[in-house]
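A quick write-up on the structure given underneath.
The values are calculated or read from the model by the stated rules, or taken from the named source; none is laboratory data. A quick note: this is a predicted structure, and the numbers were derived from the prediction, not measured. Don't worry about glycine lacking a Cβ; one is built from the backbone with ideal geometry, like all the others, and counts go over all protein chains shown.
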Amino acid sequence: MTQDDQSDVASTEEPPKPVRRRWSLRGGPPTEPLPIVDLLHRSPYRQAVQSTAAGEDRSVREALDLAARVGELMLRCGAGAPQVEGSVVAIASAAGLSQFEVDITLQSLLLQARTDDGYIQTQLRVVRSTRADHARLVAIHELVDAMAHGDLDVRGATEELRRLKARRRTFSTALTRVARAVLAASVAGMIGASIQATVFTFVAVLLVAGLQRLTDPLRLPEFYEGAMVAAASTVLAWVAYVLGVNGWLDIGGNDFAFIVAGGIVALLPGRAMAAAVEDVLSGYAVTGAGRLLTVLLSLMGLIIGIAVALSVTLRVTDAMGLGFVSPSVLELRVTGSSVAAFLAGAFFVGGAGSITMQTRRKLILPAAALGLVGAAIFALGTRVVDVGPISATGVAAIAIGAAGRVVAQRMNVPGMVVIVPASFGLLPGLTIFRGLYEMVGQADPGTLALQSGITTLFSAGAVLLAIATGTTFGEILASPWDHVTRRAAARRHRA
C-alpha cells in the first residue's frame, strides 16, 4: 500500500469521540485526621526535618516531657496559642512522635502520643501566672529551630532548656519601670504635649510605679490594681493642671489630657488583646474567649479608675473655683501634633516598649524602627489621604505585621518580639480619655454626654481590634516568603 492509499484510509476513519464527563453525586474521600506537619503550615518550622525514630516507651516519654516543658515556658512568657502549638509540634515531629495530639487552653497544655506498643503517654502542664519575657522566647525559638533542623536531639535540647530556664532576665525591674515611664512620656509627646508636660508624665508614671510597689504584698487581682494605678495617674495629672493654673508650671488643659493619655497607653494590655484575637483566628476559640474576658476586665479596671478620678477632680475643681479644662479638649486628636514630634515619639515608644517586654538588646532598635514605620503610615493616612483613624490604624498594623515578620525571619527570632512593641504607638490612649471625659465631664445632664462617651469608647475598642487583626493579617501575608528570607539570612551568616 502506497503512502497516498494510507492517507486515504486514514481520512475515511471517523475521529474518536470526546469522552463526556458525567457528574457524579458520590461523596468525596473520607475525613482523615489532620497530619501533624500541617499544623506547621504558617509557623517558622514548616520545613522541619521529620524523624522516623522508633516510638519506644522511654523515648516517647522524654520527647513528650520536653515538648510540654517548652510549651509551658512559652505560655508563662506571654506567647499565644499558635506560637506554642508550632513549637510543640515541631519538637514532636523532630522526635518522631506518632499520633501526636496537642490541646492548649488559657492556662493549661495537654499533650498525648502513642508508643509502638500501643500505650498512651500524656503530659499536662498548668500555667497560673504569666510575665512578659521576649528574650526567653527568642532563646526557645533558637532551641526549637535547632532541633527541627536536626542540629539537636531530645537529650541535648532538654539540657539546653534547663540552662535556659535558669537564665536571669535581661533587664532589672527598676529599668523596666523607667522604660514604662519613657513610653508614657513619649506617647504624651507624640500626641502634642509640651516639654514640661512630657517630663511631668515621666515623673508621674515613676511615682505611680512606686505606689504599685507598695501594694505588691497585697497581691491584688489585675482589675483592682489597674483601677488603682489609673486613678492615681489621673490625680497626678490633675495636680499638674492645678500647678499650671497657678502659674507654677506651663501646663494647660490640653496637656492634662495628654498626660492621662500617656498613662493609659502605658497601662493598656495591648499584647493580651493581640494574643486573644490571634487565638480566635487560629481556631483556639476557648483560649481566645478567655483572653478577651481578661482584656475586658483589665480595660474596665482602667476605665473605672480614670472615670472615678475624673469625677472627683472635677468636683474638687468646681469647689475650688479653678475652671477646669475647656470644652476644646473634646476636640483633641492625635493628628494635632507636629509630624516630627509624632514620628520621634513613636520611635521611642517602640524602643521603650521592647524594654518593658524584656527583649534582647539587639531587638530594641528594630522594634523602634518598626514603630516609626507604622506611625509614618498612620500619619500619611490621617493627614494626607484623610482616611479615618480606624482605617489608618488597620493599614499601619498590617504593615507592621508584614515588615515585622520579614525582619524577624532575617534575625531568626519570633515575629511577636518586634511586632508587639512596635504597635504600642498606635494604641488609642487619647481616644479613651476623650470618651471618659465626655461621660463624666459634662455638667448638663440633659445632653447626650453618656451616649457620646460610650460611642467614643467603642471607637477606641475598634482601634484596638484593628491593631490586633492587622498585625496578625500582616504576618499571614508575609509568611509565604519565610524560606526566602531565611536563606538570605543563612547566606549572610556564612559570609
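It is to be established whether one or more residues within segment 155-171 are of a type in the set (F, W, Y) and farther than 30 Å from G429 by Cα.
First, pick out the residues of segment 155-171 that are of a type in the set (F, W, Y): 171.
Subset that is farther than 30 Å from G429 by Cα: none.
No, segment 155-171 contains no residue that is of a type in the set (F, W, Y) and farther than 30 Å from G429 by Cα.
Looking for something closer than 14 Å to A468 by Cα, polar (S, T, N, Q) and surrounded by 22 or more Cβ atoms within 10 Å (Cβ to Cβ) - is there at least one such residue anywhere in segment 402-418?
No - not one qualifying residue is present in segment 402-418.
Determine which member of the set L75, L34 is modelled with pLDDT of 75 or more and not hydroxyl-bearing (S, T, Y).
Residue meeting the stated conditions: L75.
Name every residue in segment 90-125 that is surrounded by fewer than 19 Cβ atoms within 10 Å (Cβ to Cβ), under 29 Å from the mean Cα position of the chain (by Cα) and among the aliphatic types (A, V, I, L, M), in order of residue number.
L110, L124
With respect to R128, is the statement that it is closer than 18 Å to S354 by Cα, of a type outside the set (A, V, I, L, M, F, W, C) and free of Cβ contacts under 8 Å to residues at least 24 places away in the same chain true? Working first, answer last.
Working: closer than 18 Å to S354 by Cα: no; of a type outside the set (A, V, I, L, M, F, W, C): yes; free of Cβ contacts under 8 Å to residues at least 24 places away in the same chain: yes.
No.
Considering segment 183-205 alone, what residues qualify as being of a type in the set (A, V, I, L, M, F, W, C) and surrounded by fewer than 18 Cβ atoms within 10 Å (Cβ to Cβ)? Lay out the reasoning, then the answer.
The initial filter retains those residues of segment 183-205 that are of a type in the set (A, V, I, L, M, F, W, C), namely 183-185, 187-188, 190-191, 193, 195, 197, 199-200, 202-205.
Answer for segment 183-205, where residues must be of a type in the set (A, V, I, L, M, F, W, C) and surrounded by fewer than 18 Cβ atoms within 10 Å (Cβ to Cβ): I195, V199, V203.
Which residue pairs have Cβ atoms under 7 Å apart, sit 6 or more places apart or on different chains, and have a first residue in segment 195-218 that is of a type in the set (G, A, S) and a second that is outside any helix (DSSP H, G or I)?
Sorted first by the residue in segment 195-218, then by its partner, the pairs are A197/I251.
So, L372, is that one within 15 Å of L183 (Cα to Cα) and either buried (at least 19 other Cβ atoms within 10 Å of the Cβ) or in contact with a helix residue (DSSP H, G or I) (Cβ under 9 Å, 6 or more places away or on another chain) (or both) or not?
Numbers: within 15 Å of L183 (Cα to Cα): yes; either buried (at least 19 other Cβ atoms within 10 Å of the Cβ) or in contact with a helix residue (DSSP H, G or I) (Cβ under 9 Å, 6 or more places away or on another chain) (or both): yes.
So L372 fits the description; yes.
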